[in-house]
Amino acid sequence: MQIYGIGIDIVDTKRIEDSITDYGDRFIDRIFTQRERTYCGKMRYPAPHYAVRFAAKEAIAKSFGTGIGENLNWTDMEILRDELGKPYVVLSGDGKTFADKHGITSVMVSLSHSDNHAAANAVAICD
C-alpha cells in the first residue's frame, strides 16, 4: 500500500447554508449526488451534513492533486456511510477514470462537523 496524496479542507457551515438558501436545487444538484441529497435531506439540520461532504470533496481533490474541474467533477465523488456510520467514497465518471489511470484503488476520508464548521481529510491510496 502506498499513499498517492493527502488532502484536508474546512468549510464554514453558514456559507453552505447560504448557498442552499440562495441557489436551492441548482447548487445542491451541481455539488451532490442523489444519494447524498437523500441522506442530508433527512436530517433535522441538513446544512452541516452538506457542508462536511463539500469539505470531503475538496479534500479528495487535493489528495488527487487536481482541484475540481477538468479531471474531477463534484458529482464524481460521493460520500456515503456504511452500516456502522463510517464514511466511505464512491468514485465515478472522470474521478474514477483519473483514479484508475493513476493506480488509486481507494480513498479514505474522515469527517467532522460542528454548528459552525465542517472539516474533512482524505488519503488517496495506491495498492
Does Asp76 fit the bill of being of a type in the set (Asp, Glu), surrounded by 21 or more Cβ atoms within 10 Å (Cβ to Cβ) and under 24 Å from Gln2 (Cα atoms)?
yes
Looking only at the range 79-108, and only at residues there that are within 18 Å of Phe32 (Cα to Cα) and either among the basic types (Lys, Arg) or touching a His at 6+ places or on another chain (Cβ under 8 Å) (or both), the one that is surrounded by the fewest Cβ atoms within 10 Å (Cβ to Cβ)
Arg81
When the range 11-49 is checked residue by residue, the ones that are within 19 Å of Leu72 (Cα to Cα) and under 14 Å from the mean Cα position of the chain (by Cα) are Ile28, Asp29, Arg30, Ile31, Phe32, Thr33, Gln34, Arg35, Glu36
Subset of the range 7-32, residues surrounded by 14 or more Cβ atoms within 10 Å (Cβ to Cβ) and more than 18 Å from Ala118 (Cβ to Cβ), comes to Asp29
From the set of residues in the range 33-61 that are within 18 Å of Lys14 (Cβ to Cβ) and of a type in the set (Phe, Trp, Tyr), which is surrounded by the most Cβ atoms within 10 Å (Cβ to Cβ)?
Tyr50
Output yes when any residue across the range 5-14 is out of contact with any helix residue (DSSP H, G or I) (no Cβ under 6 Å at 6 or more places or on another chain), at pLDDT 95 or above and over 16 Å from Ala122 (Cα atoms), and no when none is.
yes
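The values are calculated or read from the model by the stated rules, or taken from the named source; none is laboratory data. If you're wondering where the values come from, they're calculated on a predicted model, not measured in any experiment. Cβ coordinates were reconstructed from backbone atoms using ideal geometry, including for glycine residues, and neighbour counts include every protein chain displayed.
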